[in-house]
Structures are given as structure tokens and as C-alpha cells.
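Below is one structure; the comments refer to it alone.
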Amino acid sequence: MAIQGRNGKIKGKINNIVYRRLGNQQILQIAPDRVKQTYATKLNALEFGLASAHSKVIRQIFRKVYEESDSKMNNRLNAAIAACLRSSDTEVGERTLHDTDLSCLKGFQFNLDAPIESRIAVRPTWSVEPDGLFRFKLPRFNLADDILYPPGDLSMDPSFTIGLVAIQFEKEYAQVIDYESFAYEKLDKQIQIDWECRRQLPAGFIVIVVFSLRYSAFNWVGKQIWSTNPQFFPTIILDAFHVTEDMAARGKAANFAVAKEECDKFGYNVLRTLKRITEFKEKMAKKKK
């Protein structure tokens, strides 16, 4: 509703015209139209909710690994998973990460304030064999010269951790397949890390491989103190891959050891979100009849 003031100026709204005053001038603006969500935009919004549900699972499982993250990590991970979902030819509402190309997850860094490529001079390499055998290598480097250390009076030592976790998002279940940590002293010394994971992988799961670098020191009473500088908490998803029936069978035939640990069911709305998408599609289908 518009009204006329004592000065003769109109303020308020008539139809889609908004009257307002700027100094001594009368300003007229066209009010923006309400945007009506289409079927496609609502469906995309629901699927982004599905990406967020997947993201919450990953964050919960790896929280104690990455420890620190940049302020936009949650949104970045949601977007990476949403991109994975869009790579699938399976219909929206029927697809999860298990139906997708996982390339968008590979190389994801939990903390862009501590990019791992700027904290260590060499790049890790790895491979996954048809039977699920995972090989990891960090090429030869100097412990004193090729690692960036936190500033401060306390001299820190580096430690690396590599780990594999298998996740079934639809069954809401995970297994810690294997992990290993490698601790060193900050010395003028060349080292190389070679590690293998020879454990059975569960069919139908997604394996996520993470790699991290941490820093610690011992004080004068022998207590280990870890760096709390958020710019020195690099953690990266090296790889993410699907475990096929054939890969699982080959690992079992090779008599690989079973998973190191099992996780409880997590229940972070993946199935509930899928159900909401299905209900929305059914509702819209009935309206068209």
C-alpha cells in the first residue's frame, strides 16, 4: 500500500511499483517477481540434501583424522558429492554415491588453510590391484628440508598417517579396513615410506583413502605436545573407489586379512532423504494425472 506524505511525495507500493525517497528525489522501482520453483529446481534441491547427508557421514567418520578444517569445508564437500551424483545416469531419487563416478572426491582437501602440497615437497603415489591390494609410496625426501614446519620456539617432529575406510551409504554402515602411522624426528636424513594394505574389501562398499601430516614434540617432562596451529593440519582424500564383487572375491581367495575395525551404523539421513525424493516425485506424478 502506498501513501502520500505531507511533502507530496509517495512512499510504499502500488501493484509492482515501489515508491521511495532518496534525499529530495522520488525514486520508483519495479518490485521483483516471486520466483516459483519448478519441478526440476525442487528435485535438484532435494538431491543437494542427499549430497549433504552423504557429506555428513564422511565428516563424522574422518573427523578425528582431519581434526581441523577450513571454514568452507562443509560446503566444498557437499558440492563435490553433488557433482559425483550428477555424473550418474541413474534417475534422481534412485542414485547414491554407489552409482557414480567418484573422481570429484579424489584429491579433496579437508583443510585448504593447510594444503598438503605446500607442506611436503614430494607427492605420494599409490595403486589398487584387482584383488584390492593397496600400495602406497611417499618418495624419498629429507625430513629437515622437505617438510614445512610450524613456526615457534618448540622444534616439532613430523608424523604421517594413511588409512582406508569402506562405507556403505545405503546400508549406513562402515568398516575401518586398515591404517598405519609413521613418526620421525626432524633430522637431516633421507627417508621413504612404502606401505601395503592386504585386507579383504567388502563388496558393494566405497573405499575412501586418506593421508595426513601432523606435528608434535616432547617437552622437558617427556609429555608429547601436538601442534594446534590450524595451518598445519593437512589431510587429503587420496583415492575413492568402488569395491566390486570380483575384487572382494579375489581378496578373499588371496587369503587377505579381514578389516581392522568395524564401525557402528551411523544413520545420517541418506535413506530418509531418498525416501523424501521418492515421495515428492510420486506426489508430482499424481498431480499430472
Expected single match for modelled with pLDDT of 95 or more and within 30 Å of E47 (Cα to Cα) among L105, L138, L133, L143 is L105
Filtering segment 229-259 down to residues that are under 22 Å from the mean Cα position of the chain (by Cα) and either surrounded by fewer than 18 Cβ atoms within 10 Å (Cβ to Cβ) or not assigned by TED's automatic domain parsing to the domain that holds V176 (or both) yields N229, P230, Q231, H242
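Residue by residue, here is whether (1) farther than 20 Å from M73 by Cα; (2) of a type in the set (D, E) holds:
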| site | (1), (2) |
| --- | --- |
| E170 | yes, yes |
| K189 | yes, no |
| C197 | yes, no |
| F232 | no, no |
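Scanning segment 75-100 for residues that are touching a helix residue (DSSP H, G or I) at 6+ places or on another chain (Cβ under 7 Å) and surrounded by fewer than 16 Cβ atoms within 10 Å (Cβ to Cβ), which turns out modelled with the highest pLDDT? Let's see the steps before the verdict.
Taking segment 75-100 as the starting set, the residues that turn out to be touching a helix residue (DSSP H, G or I) at 6+ places or on another chain (Cβ under 7 Å) are 77-78, 80-85, 88, 90, 92-93, 95-97, 100.
Those still in the list that are surrounded by fewer than 16 Cβ atoms within 10 Å (Cβ to Cβ) too: 83, 90.
Details: A83: 96, T90: 89.
Within segment 75-100, the match that is modelled with the highest pLDDT is A83.
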Please state which of the following conditions D153 fails to meet, knowing it meets all the rest: (1) surrounded by 14 or more Cβ atoms within 10 Å (Cβ to Cβ); (2) modelled with pLDDT under 95.
-> (1)
When you go through (1) more than 27 Å from R276 (Cα to Cα); (2) touching a Phe, Trp or Tyr at 6+ places or on another chain (Cβ under 9 Å); (3) not in a helix (DSSP H, G or I) one by one for G93, which number turns out not to apply?
-> (1)
Among the residues of segment 50-74, count how many are in contact (Cβ under 8 Å) with a residue 24 or more places away in the chain, surrounded by fewer than 16 Cβ atoms within 10 Å (Cβ to Cβ) and over 25 Å from E180 (Cα atoms).
-> 1
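The values are calculated or read from the model by the stated rules, or taken from the named source; none is laboratory data. Quick caveat, the model's predicted, so the values are computed rather than measured. Don't worry about glycine lacking a Cβ; one is built from the backbone with ideal geometry, like all the others, and counts go over all protein chains shown.
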